[in-house]
Amino acid sequence: MAIKLTIKKSSAWLDLSQSLSGVILAVFLWTHLVLVSSILLGSDAMNWVARTMELSFLSDDGHGYPLVVTGIAMGIAALALVHVLVALQKLPMSLRQQRALRQQMQVINHSDTRLWRWQAITGVVILLLLPVHLWLIGSAPETIGPQGSADRIWNQGVWMVYLPLLLTVELHAAIGIYRVALKWGAARDLNSRSRLRKIKTIVSVLFITVGIASLLAFLPHAS
Amino acid sequence: MKLIYTDSLVVGAGLAGLRVAIASKERGLDTLVLSLIPAKRSHSAAAQGGMQASLGNAVKGMGDDEDVHFQDTVKGSDWGCDQDVARMFAHCAPKAVRELATWGVPWSRVSAGPRDVIVNAQKVTLHEAQEAHGLINARDFGGTKKWRTCYTADGTGHSLLYAMDNKAISMDIPVHERIEALALIHDGKRCHGVIARCLITGELRAYVAKSTTIATGGYGRIYEVSTNAIICEGIGQALALETGVATLGNMEAVQFHPTAIVPVGILTTEGCRGDGGLLRDKDGYRFMPDYESDKKELASRDVVSRRMTEHIRKGKGVDSPYGPHLWLDITLLGRKHIETNLREVQEICENFLGIDPAKDWIPVRPTQHYSMGGIRTNATGESPQLKGLFSVGEAACWDMHGFNRLGGNSLAETVVGGMIIGKYVADFCENNSLEIDTQLAERFMQQVQSEIDLLIEGDGHESAFALKREMQRIMMDYVGIFRNGPELDKAVAELKVLLERSRKLGLKCKKRHANPELVEALRVKRMLKVALTVACGAAARTESRGAHAREDFPQRNDRDWLNRTLASWPDADALEPVLNYEALDVMKMELPPGYRGYGINNAIVHPDTEKREQQIANILAELGEDADRYQRQRALMPFELPESLQPNNERLSDTLKSPSANALGEKS
Amino acid sequence: MSQGRQLTFNIFRYDPQEPNDKPKMVRYQLTETPGMTVFIALNKLREEQDTSLQFDFVCRAGICGSCAMVINGFPTLACRTLTAKYPKGEITLMPLPGFELIGDLSVNTGKFMRELAERLKLWLHPKSNDISVHRLEDPMDPDEAARLYELERCVECGVCVSACATKQMRETFVGAVGMMKIARFEMDSRDARTAEDFYHVIGNQDGVFGCMTLLGCQDNCPKDLPHMQQIAYLRRKMAMTLIR
């Protein structure tokens, strides 16, 4: 078995890489949120998580290597860039396409198409907000602990970025995973499709709740 | 004037037309098809049940061959068919089925081992032979000795049409869609093509061709309720009729299908009864065994339709706002069978009746279904009067159906007739040159143009829609399943009045391009002439034969009526056709007229019948015991076929070394 | 029978061949009769109220696929849509988007389907041309035949194309109908083409890799064809050609 890398088959590679980058990003996103939500268990828990992220257990002084966080941020940025570039081809870029889409959606009532439009809209919002988040973290990797985060979120007003980012990204990721599952044939019949759709909604709601709770949990640490 | 030249012109893109086009193109001829609609929308797609071909793969088809298929077809026709043609057909049917398999039709296949079927309301277990596994299967249909109807679930016509059109596309055969032929270009001896109108732009075009093949299907829509698609309006027959030279054969032979749903008249396939469905009356009583103890629900279509009507007349019908009906019960077949093999039926029941046929009975009544009559052709498919005019399929009276068609023989006719006649059409095109008389084409173009001008600019006031409705009602009321002299005379008289009124049609919509009212007006004038050939033919034929049942003349009369009605319309201003008759020669028949096996045998015999029977006995005796069935057949009635279609058909029974009854037989 | 209720039809009217005509919605009133379908209603409207009204019907039994149009926001076959389905009695009819408009509710699906068939070579490519119609046919697995028929039930009505937002944005996209047919031939053991051959036809942005899995096709198909499963199958099959 060998993998063939041919320009001729670029479409397959593009489509695969969109699905794959999306899945990795979503998995990272959900892991990330679970880690951040450690604040709900108190600042000690989060401190421990943050230090572990910095690989403190490898360094002698226990301070770890905050650059690891910068590295992760850069990796995510790169992956997101791939995802965006590939996904852009599927979006209506010209005016003609946008008009055709709008007309069709006016005439035909179809919920999955509306869902996709939300995915596209949230995607564009994420495209604007994510770089801010990644820059803030990547440029100050030592501040991912409870105090640093709380200060950033509430004192510097970054919650105005984080809250919309949380909402859009959790919608986008869940819809995206739902679509990837259908796309490659995970839903064998319609029954499991409607079940998948339910799971997708639950995942979005769950993570948005956890996210908002976490944001609020930082409030006492911002002084 | 827009002129388009081609070698082989085909009007109609259903199965028969496409098959002829393919045959022409295979020989390198320039081929062009005209169609009212996209080819894949043709009414051929509606044939659900299947097509007959004596493959004999399934255990209930064992022992089947061309001879049995031929005999069933002739009996089914009530001896009205052309026996040469029935032979040509029976011989080529297996070839057509096998050819279609290589073009992509996913014929339902035989599974070796036991399978449960319903026969005569009883569950029976059939054991299919190991050797037959994967070969083309067959189901039971009315009026046949063997299970002979090859099928793909209940979408056989659909599968066939799609495979056929795909083949035509692969051969790059152009189909000019949304084009309606309105007149034949001819000089009284030779046909040179058609004048046609584009239904989108309204443009008139002259299509000039060596051969013109009309494959436009039947004329069911001259009736108010019909199972036919709404485009089956007999315009092809009218094209031939309006030449004044070409003849239409047996137009009074109109088939009523026993089981169309009430009220809309959509067909539920004969496969319902073939697979074991029953007919019940208002008391839930299964009445068919009382009338036909042998074949019961699976008697020939004309017989079942008449029996149902009789039963309704006895007051046993179920009352509804749309008149009385009976029940078709397929609940005993089980949900699984219905959801796989009768799914179109299930969809129709759900969508149009809101019932579940696995639980509920289906309201049905006999409804106009098939036109045995059509453009009269000889065995090669060519009009005896107009050289270069061919016709095939339901549009034609090639005459393998006579006065009643067997279920499964119409789909078969389209592809088998197309296969055979296609070769003759190609021969004709190779042996004849294109004769272009632009003046002649212009004259016909002018004629159609002034017809349209008069409709749009004239001061007529009659409504095309209203005239059509009246015609349909007359045909329904007076030229239906049971006919009688006074009613038929009334029909003729009223239709004549309508024909006269149709000369004063006026339009509300004056557009010259896409204009549905103009289309309707052009058609209704032509349909009225076709309706008159049906009514006049029926009024003149004072006997009962096949689907033509006269209450005042209930006997089949071979002595006086063993002939074919030929209708023509030489005087364009006349109000009725001229009828002539073409005798069927008993002395040439392989199967002389006999008892069909339904009801009482009350036929008035033909004087030659006994003579011919004696002759046949002598010929067979002379041949001796050693002669095989092919030699016997040739001795009795030799028939012609294109060389490439002459070889014998191989069957499973030929390839098995010793087909033991044990291995193949039924163990129920 | 009691007097039926009044139905209100809002119908898209436009004749592109009429120089000064502009697209508009026109209201019509009609008394409902028992068992009335949109087919019956439209014919009544044409006969009684406006003889210029354009629409396409052929089989009027849900078999031929001629009469697809958008009824109250859902593309479907008009012939088998009962008016009783709409409790408010308001019915809005639009032509299928994404096809050449002939006039009013009539669109040129036939032209589209023929071009698609030519482009994707949607016919059986037999493994051998040396076939005798006189000999016993080649056997085929009965289950395979049944599976193929399931995919053959497409009536080319155009609903999947009009319900596909991807197709609206990308004119050259083959749509579900094209992919379903490719899948049908891919699964046919009689067809000589390999996955690699099919890749050349649909392994691109106009084919399976351009499809965004919005599933308007599956959700509206009047024949309930398994688009989602088949397109996913095809996509996996095409992606597998990357690995050898």
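Of everything listed in (1) more than 23 Å from the chain's Cα centre (by Cα); (2) in contact (Cβ under 8 Å) with a residue 40 or more places away in the chain, the single unmet condition for residue B:212 is (1). State whether the residues of the stretch B:39-50 include one that is buried (at least 23 other Cβ atoms within 10 Å of the Cβ) and closer than 30 Å to residue B:435 by Cα. Within the stretch B:39-50, one or more residues are buried (at least 23 other Cβ atoms within 10 Å of the Cβ) and closer than 30 Å to residue B:435 by Cα. Here B:369, B:337, B:325 are screened, and the one residue that is closer than 29 Å to residue B:529 by Cβ and not hydrophobic (A, V, I, L, M, F, W, C) is B:369.
Answer with yes or no whether residue C:90 is surrounded by fewer than 22 Cβ atoms within 10 Å (Cβ to Cβ), at pLDDT 95 or above and in contact with a strand residue (DSSP E or B) (Cβ under 7 Å, 6 or more places away or on another chain). Here the answer is yes, as residue C:90 does meet what is asked.
Of the residues making up the stretch C:215-224, one or more are assigned to a helix (DSSP H, G or I) and of a type in the set (A, V, I, L, M, F, W, C).
From the list A:140, A:150, the lone residue that is surrounded by fewer than 15 Cβ atoms within 10 Å (Cβ to Cβ), under 21 Å from the mean Cα position of the chain (by Cα) and away from chain C (no Cβ under 14 Å) is A:140. Note on the stretch B:468-483: residues that are in a helix (DSSP H, G or I) and either under 17 Å from residue B:369 (Cα atoms) or aliphatic (A, V, I, L, M) (or both) amount to 8. Listed conditions (1) buried (at least 21 other Cβ atoms within 10 Å of the Cβ); (2) farther than 30 Å from residue B:93 by Cβ are all met by residue B:433, apart from (1). Selection of the stretch A:20-43 for residues being closer than 17 Å to residue A:143 by Cβ and free of Cβ contacts under 8 Å to residues at least 60 places away in the same chain yields A:32, A:35, A:38.
In the stretch C:194-206 there is at least one residue matching the filter, namely being more than 10 Å from every other protein chain (Cβ to nearest Cβ) and not in a helix (DSSP H, G or I).
Please go through the stretch A:177-195 and give me each residue that is within 11 Å of chain C (Cβ to nearest Cβ) and under 22 Å from residue A:83 (Cβ atoms), ordered by number. Passing the criteria: A:178, A:179, A:180, A:181, A:182, A:183, A:184, A:185, A:186. Criterion applied to B:576, B:590 was being touching a Cys at 6+ places or on another chain (Cβ under 6 Å) and surrounded by fewer than 22 Cβ atoms within 10 Å (Cβ to Cβ), and the one residue passing it is B:576.
Which condition from (1) more than 23 Å from residue B:605 (Cα to Cα); (2) part of a helix (DSSP H, G or I) is the one that residue B:537 breaks? Among (1) more than 23 Å from residue B:605 (Cα to Cα); (2) part of a helix (DSSP H, G or I), residue B:537 violates only (1).
In the stretch C:36-56, of all residues being at the interface with chain B (Cβ under 9 Å from one of its Cβ atoms) and not in a helix (DSSP H, G or I), the one that is farthest from residue B:43 (Cα to Cα) corresponds to C:50.
Can you pull out every residue in the stretch B:58-95 that is within 29 Å of residue B:134 (Cβ to Cβ) and not in a helix (DSSP H, G or I)? Residues satisfying the conditions are B:58, B:62, B:63, B:64, B:65. On inspection, residue B:507 passes the criterion of being at pLDDT 95 or above, outside any helix (DSSP H, G or I), crowded, with 20+ Cβ neighbours inside 10 Å and within 14 Å of chain C (Cβ to nearest Cβ).
In summary, residue A:188 fulfils each of the numbered conditions (1) in a loop (DSSP other than H, G, I, E, B); (2) surrounded by 15 or more Cβ atoms within 10 Å (Cβ to Cβ) with the single exception of condition (2). Here's a check for you: in the stretch B:628-664, which residue that is assigned to a helix (DSSP H, G or I) and within 14 Å of chain C (Cβ to nearest Cβ) is modelled with the lowest pLDDT? My answer is B:655. Keeping to the stretch B:192-226, report how many residues are in a loop (DSSP other than H, G, I, E, B) and either at pLDDT 95 or above or basic (Lys, Arg) (or both). Total satisfying the criteria: 11.
Taking the stretch B:24-35 as the range and being within 13 Å of another protein chain (Cβ to nearest Cβ) and surrounded by fewer than 24 Cβ atoms within 10 Å (Cβ to Cβ) as the test, only B:26 passes. Residues in the stretch B:1-16 that are small (Gly, Ala, Ser) and in a strand (DSSP E or B): B:8 alone.
In the stretch B:348-371, the residues that are away from chain C (no Cβ under 14 Å) form Cβ pairs under 9 Å with partners that are among the acidic types (Asp, Glu) and in a loop (DSSP other than H, G, I, E, B), at six or more places apart or across chains, as follows: B:368/B:224. Counted as qualifying within the stretch A:1-107 are the helices (runs of 4 or more DSSP H) with 1 or more residues that are within 14 Å of another protein chain (Cβ to nearest Cβ), namely A:10-36, A:67-88, A:95-107. Filtered by the rule that a residue be among the charged types (D, E, K, R), crowded, with 21+ Cβ neighbours inside 10 Å and under 22 Å from residue B:269 (Cα atoms), the stretch B:122-145 gives B:139, B:140. Among the numbered conditions (1) at the interface with another protein chain (Cβ under 8 Å from one of its Cβ atoms); (2) in contact with a helix residue (DSSP H, G or I) (Cβ under 9 Å, 6 or more places away or on another chain), the only one that residue C:180 does not meet is (1).
Only one of B:323, B:315, B:271 is free of Cβ contacts under 8 Å to residues at least 12 places away in the same chain and either over 16 Å from residue B:362 (Cα atoms) or under 28 Å from the mean Cα position of the chain (by Cα) (or both). Can you tell me which? Exactly one of B:323, B:315, B:271 is free of Cβ contacts under 8 Å to residues at least 12 places away in the same chain and either over 16 Å from residue B:362 (Cα atoms) or under 28 Å from the mean Cα position of the chain (by Cα) (or both), namely B:315.
Exactly one residue out of B:249, B:284 is modelled with pLDDT of 90 or more and farther than 20 Å from residue B:314 by Cα, and it is B:249. Consider the stretch B:593-612 and keep the residues that are assigned to a loop (DSSP other than H, G, I, E, B) and buried (at least 20 other Cβ atoms within 10 Å of the Cβ). The one that is nearest to the chain's Cα centre (by Cα) is B:596. Quick check on residue B:190: is it away from every other protein chain (no Cβ under 14 Å), out of contact with any Cys (no Cβ under 9 Å at 6 or more places or on another chain) and surrounded by fewer than 24 Cβ atoms within 10 Å (Cβ to Cβ)? Yes: the conditions hold for residue B:190. Tallying residues that are at the interface with another protein chain (Cβ under 8 Å from one of its Cβ atoms) and either outside any helix (DSSP H, G or I) or closer than 24 Å to residue C:75 by Cβ (or both) within the stretch C:133-158 yields 13.
The values are calculated or read from the model by the stated rules, or taken from the named source; none is laboratory data. Here the structure is a predicted model, which is why all the values come from computation and not from measurement. Cβ coordinates were reconstructed from backbone atoms using ideal geometry, including for glycine residues, and neighbour counts include every protein chain displayed.
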